[in-house]
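Trainee: First the structure, which I've put down as structure tokens, then a few questions once you've had a look.
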Amino acid sequence: QIDAIRNRENIDLAVDPPPDLSIEVDITRGSLNRFPIFAAVGIPEVWRFDGNRVAIFRLENRAYVEAANSPSFPAVTGEILTLFLEDSRKLKSTAWLRKIREWARAQS
């Protein structure tokens with residue numbers, strides 16, 4: 001789908017495909033009230049971080065339900081994303097990136 005909108009300055013959601021994924025970080029405000037908008041646009045997957053944990057939601061019958069893993073990236077769970085975020089606070093960026101790369105390679 002990315003090729004359908006690559007290099008476009010303006011996106012028309014009535015014609016162009018929706019994003020594959022929305023990532024929401026809810027530190028000062030919640031994003032749950034935006035979920036109906038995401039559903040109306042047809043975004044199939046939302047990752048939501050509430051300051052403590054990451055939850056993965058998939059679009060089902062025009063509403064989001066929490067999912068155990070990512071529909072787009074089946075090896076990715078909310079728990080692993082939460083651990084990656086926790087590690088990002090403790091590790092230097094190069095060590096953190098190395099850890100994520102090693103995890104990703106082990107999944108293939």
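No lab work stands behind these numbers, since they all come straight from the coordinates. Since this is a predicted model, take the numbers as computed values, not measurements. Ideal geometry is used to build each Cβ from the backbone, glycine not excepted, and the neighbour counts take in all protein chains shown.
Trainee: Need one number: % antiparallel among DSSP beta bridges in the chain, to the nearest 5.
Mentor: Percent antiparallel among DSSP bridges in the chain is about 75.
Trainee: Can you classify the chain as rounded, prolate or oblate using the Cα gyration tensor, where a ≥ b ≥ c are the square roots of its eigenvalues, rounded means a/c under 1.5, and otherwise it's prolate if a/b beats b/c and oblate if not?
Mentor: The shape class here is prolate.
Trainee: Divide by every residue of the chain the summed helix terms, -39500 (n - 2.57) for each DSSP H run of at least 4, and state the resulting mean residue ellipticity at 222 nm, rounded to the nearest 500 deg cm²/dmol.
Mentor: Here the helix-only value at 222 nm equals -10500 deg cm²/dmol.
Trainee: Considering only DSSP states other than H, G, I, E and B, which trypsin sites (Lys or Arg not before Pro) in the range 1-42 qualify as loop sites with at most 15 other Cβ atoms within 10 Å?
Mentor: ARG6, ARG8, ARG29
Trainee: Still on this model: Just the number, please: Stokes-Einstein D of the range 22-84 in µm²/s, Kirkwood Rh from C-alpha pairs, 37 °C, 0.692 mPa s.
Mentor: Calculated translational D: 280 µm²/s.
Trainee: In whole Hz, with x marking every Gly and Pro, tabulate ³J(HN,Hα) for the range 62-78 from phi via Karplus 6.51 cos²θ - 1.76 cosθ + 1.60, θ = phi - 60°.
Mentor: 6, 9, 9, 10, 5, 10, 5, 9, 6, x, 7, 10, x, 6, 8, 10, x
Trainee: Further, regarding this structure: Of the options SER108, ALA40, SER88, report the single residue whose Cα projects farthest towards the positive end of the charge dipole of the chain (beta-carbon charges: Lys, Arg +1; Asp, Glu -1).
Mentor: Positive-end residue among those listed: SER88.
Trainee: Can you find, among ILE56, VAL15, VAL76, the residue sitting farthest towards the positive end of the charge dipole of the chain, where Lys and Arg contribute +1 and Asp and Glu -1 at Cβ?
Mentor: Most positive-ward Cα: VAL76.
Trainee: Please give the net charge around TRP47, taking every other residue with its beta carbon less than 14 angstrom from that of TRP47, where Lys and Arg add +1 and Asp and Glu add -1.
Mentor: -3
Trainee: Taking the Cα centre as origin and putting +1 on Lys and Arg beta-carbons and -1 on Asp and Glu beta-carbons, what dipole magnitude results for the chain, to the nearest 20 debye?
Mentor: 480 debye
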